[in-house]
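Student: Below: one structure in structure tokens.
None of the figures in this text is laboratory data; all of them are computed from the coordinates on show. Keep in mind that what you see is a predicted model, and the values were worked out from it rather than measured. Cβ coordinates were reconstructed from backbone atoms using ideal geometry, including for glycine residues, and neighbour counts include every protein chain displayed.
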Amino acid sequence: MMEKFIDGYCALIGYLIAAMLAVMVVLVFGNVLMRYAFNSGFTVSEELSRWLFVWLTFLGAVVALRKNGHLGTDMLVGRLGPTGKRICMGISLLLMLYCLWLIFKGSYDQTVVNWDSTSAVMEVSMGYFYASGMALSILGGLIILSDLWRLVAGKIDDDHLILMQESEEAPHANTGSDNGASSHQKH
């Protein structure tokens with residue numbers, strides 16, 4: 001049930017990221033066109049593009065987390081046996097939860113501090129800008145907790161005990177699938 005929920009919101013995030021990219025392209029290209037052709041421009045273009053880029057980055061990190069798409073090295077962990085890999089995976093999941101907590105706390109504090117401040121052009125609360133870190137923390141935390149639960153419950157097979165990929169050229173090398181879905185299969 002939780003796996004389907006996570007897959008669902010990751011799919012939704014993918015569509016949201018595509019929409020953000022489309023808006024950014026239209027804003028930036030439109031602004032360039034307006035400046036060169038008509039010597040004017042959209043005042044909101046730069047600021048909104050910057051905000052969308054920050055949100056896109058944090059939301060993209062959630063999707064990459066789900067697909068084990070973050071780069072890393074398995075020089076040590078790859079040489080361990082299944083028990084060693086399970087221990088390292090558990091430690092790394094706990095450390096990631098702690099890092100997400102730190103991001104959440106810092107983003108929350110910045111959101112509260114900046115809630116009454118408005119952006120220069122859009123005149124929107126700056127709290128929305130900093131809330132992107134809270135979104136990463138909550139959505140990523142659900143993924144980490146799900147993976148931790150599956151690890152503790154013994155629902156992860158030995159072939160899926162590494163949480164990253166070694167190289168950008170070999171996407172999903174650790175998962176053995178094109179879409180990363182097998183890394184979340186229940187075995």
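Student: Of the listed values [x] 1.23; [y] 1.09; [z] 0.92, identify the label whose number matches Cα Rg over 2.2 N^0.38 Å calculated from this model.
Tutor: Step by step, Cα Rg over 2.2 N^0.38 Å for this structure corresponds to label [x].
Student: By how many nm would the segment from Leu148 to Leu94 lengthen if fully extended, with 0.36 nm per residue of separation less the alpha-carbon distance? Please report the intermediate quantities before stating the final value.
Tutor: Numbers: separation 54, 0.36 × 54 = 19.44 nm, distance 0.81 nm.
The span from Leu148 to Leu94 would gain 18.6 nm if fully extended.
Student: On to the next question. Restricting to lysines 8 or more places apart or on different chains, can you count the pairs in the chain with Cα atoms under 26 Å from each other?
Tutor: Number of lysine pairs found: 11.
Student: Report the residues of region 35-61 in range of a label on Val28: point 7 Å along Cα→C-beta, backbone N strictly under 15 Å from it.
Tutor: Residues 45-57 fall inside that zone.
Student: Report the full-extension gain for the segment Ala19 to Val124: residue separation times 0.36 nm, less the Cα-Cα distance, to one decimal in nm. Spell out each step's value before the answer.
Tutor: Numbers: separation 105, 0.36 × 105 = 37.80 nm, distance 2.03 nm.
Difference between extended and current length: 35.8 nm.
Student: At a Förster radius of 30 Å, what calculated FRET efficiency corresponds to the Cβ-Cβ distance of Ala11 and Lys155, to the nearest 0.05?
Tutor: Efficiency at R0 = 30 Å is approximately 0.85.
Student: Could you work out how much longer the chain between Ala135 and Phe53 gets when fully extended? Use 0.36 nm per residue separation minus the Cα distance between them, nm to one decimal.
Tutor: 28.1 nm
Student: Let me ask something else about it. With the chain treated as a Gaussian network of Cα nodes joined by springs under 10 Å, which of Val54, Val124, Val63 yields the largest mean-square fluctuation?
Tutor: Judging by the Gaussian network model, the answer is Val124.
Student: Roughly how tilted is helix 127-152, in degrees to the nearest 10 and between 0 and 90, from the longest Cα axis of the chain?
Tutor: Tilt relative to the chain: about 10 degrees.
Student: Report, in degrees rounded to the nearest 10, the 0 to 90 angle that the Cα long axis of helix 45-66 makes with the longest principal axis of the chain.
Tutor: Its long axis makes an angle of about 10 degrees.
Student: Angle between the Cα long axis of helix 82-114 and the longest principal axis of the chain, 0 to 90 degrees, nearest 10?
Tutor: The two axes meet at around 20 degrees.
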